[in-house]
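Structure first, commentary second.
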Amino acid sequence: MAKEKKNTSALHEMEGISQPSSFNPLAVKKIQENRRKPLSVVTLSEAILKGNHTALSKGITLVESTALKHQQQAKELIQWCLPHANNSIRIGITGVPGVGKSTFIESFGTLLTQKVKKVAVLAVDPSSSLSKGSILGDKTRMEELVKNPNAFIRPSASGESLGGVARKTREAIILCEAAGFDTIIIETVGVGQSETAVHSMTDFFLLLKLAGAGDELQGIKRGIMEMADAIVINKADGDNIKAAKLAKTEFNRALHLYPEKESGWVPKTLTCSAIKNEGIEAIWELMQAYEQEVKANGYFEEKRDQQNTFWLLQTIESTLKNNFYQKPKVQQALKKQLQLLKEHKTTPFEAAEVLLKLNS
């Protein structure tokens, strides 16, 4: 009788040991049902006010939803949370990709939590133009901060909103403040288009720069420089320390060329090494000095009022735009005008006039 040939292939799998049933099927079913079961707005708001991170995540997901049912619930949720908001300092952080925004925020956020601060990071990630999903993941880049119980990180896909700022970031700020977070950090995509929108929803605007990037003497984009309350030269360590000091001097000179700010605050330039946690404390002290100064001269509240006006006008524009495109007759006419454009039988301006008349 021939011996059975032994299978020595690397692809051969040994028969495994059957695993015992170590869980209660009824308990698993109950957990799954609870996950699928939607929370009422009242229950969700109560959980958010208690500082529950899971509830906060669900609340932000709700306000980001484009479903009509969710939008109505989101409005109710905002109304519940609004009386408990407006009690934080909102910090906007921008800079080109590669400047080290995530590393800086992790180092800065960790410092604040050590000072018994509650930090919420609303990081707006670039979106894929195809899937609309987030390309980068700040939760994976802020490995330590994401595990901190006094920190909350929420990456949101930027989508097609103004300058890459998440469409509902403003509402997310309200929910985070209601949840007890006293320091809100908003990180922009950093592609040069989102700064205006972020500036319109923050109290302090920080611009991160690199030394030797070739734009010290040019003063980079005038608009961004005018908005910045402070410029920080990151990665000031090792062989880069000399270049960082030179960049600091050049930027300080450039800042003096701009008109005085409404706040009366004189922007300053600092250097730091986020990866080595050097210079982070001085940046927080500068922010505290700014907050103290603008609250004393009344500009802090004045700027919040300006922001509310801006948000009101933006909401009206957004609502009118959405309502316009949702009309069936507009959708049908739009297809026709696009075809006429393709056939060179009309111009974009004439097509727009035709469509807008449908709304009158």
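Results, tabulated for the structure shown:
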quantity: Pairs, first closer than 19 Å to Phe205 by Cα in segment 304-328, second at pLDDT below 90 and among the charged types (D, E, K, R), C-beta under 9 Å, six or more apart; calculated: Gln307/Arg170; Trp311/Arg170
quantity: First in segment 273-296 and under 30 Å from Gly238 (Cβ atoms) and assigned by TED's automatic domain parsing to the domain that holds Lys115, second anywhere and assigned to a helix (DSSP H, G or I) and of a type in the set (Val, Ile, Thr), Cβ under 6 Å, 6 or more apart; calculated: Ala274/Thr103; Ile275/Thr103
quantity: Members of segment 303-331 found to be closer than 14 Å to Leu358 by Cβ and of a type in the set (S, T, N, Q), listed by number; calculated: Asn323, Gln326, Gln331
quantity: Residues of segment 177-203 classified as out of contact with any Cys (no Cβ under 6 Å at 6 or more places or on another chain), at pLDDT 95 or above and more than 21 Å from Gln314 (Cα to Cα), total; calculated: 7
quantity: Residues (surrounded by fewer than 12 Cβ atoms within 10 Å (Cβ to Cβ) and of a type in the set (A, V, I, L, M)) located in segment 339-360; calculated: Leu356
quantity: Only one of Leu82, Leu111 that is at pLDDT 95 or above, within 23 Å of the chain's Cα centre (by Cα) and surrounded by fewer than 17 Cβ atoms within 10 Å (Cβ to Cβ); calculated: Leu111
quantity: Residue within segment 321-339 that is part of a helix (DSSP H, G or I) and under 25 Å from the mean Cα position of the chain (by Cα) present; calculated: yes
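Results for (1) at pLDDT below 55; (2) part of a helix (DSSP H, G or I), shown as yes or no for each residue.
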{"position": "Glu15", "(1), (2)": "no, no"}
{"position": "Glu33", "(1), (2)": "yes, yes"}
{"position": "Ser45", "(1), (2)": "no, yes"}
{"position": "Ile48", "(1), (2)": "no, yes"}
{"position": "Thr54", "(1), (2)": "no, yes"}
{"position": "Gly59", "(1), (2)": "no, yes"}
{"position": "Gln71", "(1), (2)": "no, yes"}
{"position": "Glu76", "(1), (2)": "no, yes"}
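The values are calculated or read from the model by the stated rules, or taken from the named source; none is laboratory data. Computed from a predicted structure; not experimentally measured. Here the Cβ is made from the backbone with ideal geometry for all residues, glycine too, and neighbour counts use every protein chain on show.
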